[in-house]
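Here's the structure, in structure tokens; my notes come after.
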Amino acid sequence: MSAPIAGGITRVGVVGGGQMGVGIAEVAARAGCEVTLVEISAAAADQARDRISTSLDRGVRRGKLDASAAAATRSRIAVVDELAALADRQLVVEAVVEQKQAKIDVIQRLAELVENPDAILASNTSSIPIVELGAAVGGRAANVLGLHFFNPVPVLSLVEIIPSLLTSDAVTERARAFVVDVLGKDPITAPDRAGFTVNALLIPYLLSAIRMLEQGLASAKDIDDGMVKGCAHPMGPLALSDLIGLDTVLGVAETLYAEQREQLFAPPALLQRLVAAGRLGRNVGMGLYDYA
Ligand code: 3HC
């Protein structure tokens with residue numbers, strides 16, 4: 001029998017097998033947790049498995065873990081297409097599409113089916129107020145909080161911990177112990193306002209870069225080179241928008257704008273048109289840039 005994991009959490013669930021969900025599943029499994037990842041269909045589950053393998057292979061190539069650790073990590077992640085498989089979980093992180101109603105639906109279903117009354121129900125939302133997710137599950141609101149990871153999850157150490165007005169202190173502290181002692185990540189406590197801390201600062205910057213491009217003031221290459229070479233950012237704002245996903249950038253901007261009504265959060269038309277055209281970013285091979 002393996003040693004108990006700090007915070008008492010060994011059985012983790014993740015809902016959504018996109019790049020964030022897969023990354024969260026990977027880091028939890030690498031830390032020794034037994035992870036169940038739920039996707040919406042068998043085909044989507046296959047894609048999630050492929051994403052996990054791709055990331056682990058990359059980790060091996062980059063010397064971050066050896067082949068046996070990668071195999072052990074893979075064996076600790078079950079990818080399924082049925083939410084009911086999460087009934088015995090101690091912590092579930094939802095990482096579905098950045099739409100309020102979709103997240104509320106998932107949290108409500110989790111509140112119905114996760115059996116352990118102490119289980120933590122976390123959201124990886126980029127911007128939706130956690131209190132709205134908590135309020136949607138009535139009696140279990142004290143167990144709902146935000147755990148916001150950063151992309152690529154295996155690489156970036158930050159996790160924003162976002163308790164809502166309804167989250168209990170004990171749940172927040174158990175979640176923090178899990179993030180620090182189990183995952184080995186570096187948390188900050190963020191306020192439960194749209195965008196929390198990081199996206200409230202990052203999104204206006206990304207939108208400004210898209211606006212600069214839209215207005216023909218500078219080329220995409222010059223905008224990105226400017227920030228990489230002049231400010232030592234690992235990538236420019238347009239490349240980063242494509243990495244995050246333009247649909248996610250748009251969703252976060254809309255939430256921020258709805259709450260703050262400040263022009264700096266208003267999504268530029270170019271961003272809206274690219275999303276409408278299906279140019280969603282690096283994941284689909286085209287966004288602000290082409291990746292084919
Ligand atoms: N597992 C473990 N480590 C990995 C890995 C993996 N699958 N893939 C890469 N790495 C490691 C590499 O070993 C390397 O580490 P080292 O510097 O110690 O050797 C490091 O990650 C960089 O990897 P690469 O050299 O392969 O790639 P690049 O140097 O091109 O970096 C990048 C790629 C990590 C994406 C980098 O450009 C970066 O950090 N960009 C900024 C990303 C960012 O800002 N993310 C936040 C987005 S906002 C967000 O997510 C919130 C949401 O709500 C919107």
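Observations
- Estimated FRET transfer efficiency when R0 is 30 angstrom, pair Ala135-Arg61 (beta carbons, to 0.05): 0.10
- In a fully extended conformation the segment linking Leu264 and Gln47 would gain 74.5 nm over its present Cα-Cα distance, using 0.36 nm per residue.
- Note on the chain: helix-only mean residue ellipticity at 222 nm, from DSSP H runs of 4+ residues weighted -39500 (n - 2.57) and normalised by residue number, equals -14000 deg cm²/dmol.
- Solvent-accessible area per residue, Å², over the stretch 11-189 with all protein chains present [probe radius 1.4 Å]: 41 Å²
- Pairs of alpha carbons in the chain whose separation is greater than 34 Å (percent): 19 percent
- The chain: DSSP helices with Cα axial extent of at least 15 Å and average Kyte-Doolittle hydropathy no lower than 1.0: 198-214
- Accessible surface of the chain [probe 1.4 Å, protein heavy atoms]: carbon and sulfur percent: 55 percent
- Computed on the stretch 77-227, with alpha-carbon pairs under 8 angstrom and 6+ residues apart, the relative contact order is 17 percent.
- Taking Cβ atoms as reference points and 11 Å as the exclusive limit, the residues near Gly13 contribute a net charge of -1, counting Lys and Arg as +1 and Asp and Glu as -1.
- The residues neighbouring Glu34, those whose beta-carbon lies less than 13 Å from its own, together hold a net charge of +4 under the Lys/Arg +1, Asp/Glu -1 convention.
- Summed residue charge, Cβ within 14 Å of Arg62's Cβ, Lys/Arg positive, Asp/Glu negative: +1
The values are calculated or read from the model by the stated rules, or taken from the named source; none is laboratory data. Please read these numbers as outputs of a predicted model, since none were measured by experiment. A quick note on method: Cβ atoms are made from the backbone with ideal geometry, for glycine too, and the neighbour counts reach across all protein chains shown. For accessibility, only protein heavy atoms count, side chains too; no ligands or nucleic acids. Shrake-Rupley method; radii C 1.70, N 1.55, O 1.52, S 1.80 Å.
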